[in-house]
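Beneath this line is the structure, given in structure tokens, with notes to follow.
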Amino acid sequence: MNAAQIFDLTGRVALVTGASSGLGARFAQVLAANGASVALVARRLERIQQLQQRIGPRAVAIEGDVTDRASMKRAFDAAEKAFGIVDLLVNNAGVAHANRAIDLTEADWRRVLDTNLDAVFFCAQEASRRMLAANKPGAIVNIASVLGFGVAKGVAAYSVAKAGVIQMTKALALELAFKGIRVNALAPGWFDTEINHDYLAGPHGATLKREVPVGRFGADGDLDGPLLLLASQAGSYITGATIVVDGGQMVALRG
Ligand code: NAD
């Protein structure tokens, strides 16, 4: 098989959470460009409607909040109605915080864990239940972070949630492999998006960039290949894995 064939997603139905900006918007475009039909799910309907127009009839914009189980059931229903059973979930929606642990409020802790961990689990559960009921194989790609492996100051809740996503990825992979549902994760390093733009553009940005061995933050396109690998036939024997995409950040020694 040639590369175009093994990465081809024709006939696949994807659902991308948090598709209204950043990595999620890019993921949706890449999946559609490689043949998938894509349900764009986010709270900001206007944004995903604009993205839908850019992608065309292979995409549908569906309002949904990942922390609201009923709203996500409705989103899966709407995706099914548009394209059929979702067999590729990209669990991408996420939020950040920037408070030292001793200052972190319970509300902030819960907001981050709710979105970045609980919702990832329940969206994966919803997607896999539907795939199992339809006897359809598929793939789930969770968006973790290098902060699921290492830690930094000011992001305790975020790091705990992302570490949970990596462990959850293994647990779900183990339970779902027998039915042909693969569960994997991507762990990006720094990408300049809405979630961290102010931080990366601020005084810490230059220092952080110096710590990345390739000398730059991640950019559009750096996650395309890894995503397609986990989503497509090319990754048919990969499950329970977390692929780190960080320009070497995690292997660099801190000076
Ligand atoms: P982003 O802020 O542009 O995207 C996150 C998206 O999730 C936003 O569109 C936001 O509206 C959406 N979202 C948040 N809560 C939601 C909810 N309750 N329901 C539905 N949508 C919701 O930032 P991004 O960098 O594109 O983040 C995408 C994912 O990548 C996140 O999980 C993030 O943790 C992860 N990540 C980002 C980086 C980075 O450096 N940018 C690094 C590692 C991991």
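The modelled label-to-label distance between ALA3 and ILE238, using points 7 Å beyond Cα along the C-beta direction, is 1.4 nm. Placing unit charges on the Cβ atoms of the charged side chains and taking the dipole of the chain about its Cα centre, the candidate lying farthest along the positive direction among CYS123, LEU147, VAL41 is CYS123. Ignoring lysines fewer than eight residues from LYS170 along the same chain, the ones with Cα atoms less than 21 angstrom from its Cα are LYS136, LYS162, LYS179. Could you give the angle, 0 to 90 degrees to the nearest 10, between helix 69-83's Cα long axis and the longest principal axis of the Cα atoms of the chain? The angle comes out near 50 degrees. Neighbours of GLN29, meaning other residues whose beta-carbon lies under 12 angstrom from its beta-carbon, give a summed charge of +1 when Lys and Arg score +1 and Asp and Glu score -1. Label sites at ILE102 and HIS197, each approximated as a point 7 angstrom past Cα along Cα to Cβ, lie 3.4 nm apart. Helix 119-133 and the long axis of the chain differ in direction by around 20°, with both axes built from C-alpha atoms.
Mean projected area of the convex hull spanned by the Cα atoms of region 177-243, taken over all viewing directions: 5.5 nm².
Measuring r between the beta carbons of ASP77 and LEU132 and using R0 = 22 Å, the FRET efficiency lands at 0.85.
Quick check: Cα centre of region 141-191 to Cα centre of region 215-255, how many Å? When both Cα centres are located, 12 Å separates them.
Every read-out reported here was derived from the displayed coordinates using simple, explicitly stated rules and does not represent laboratory data. Owing to the predicted nature of the structure, the values given are computational and were not obtained by experimental measurement. Because the Cβ atoms are built from the backbone with ideal geometry, glycine has one as well, and the counts that use them run over all protein chains shown.
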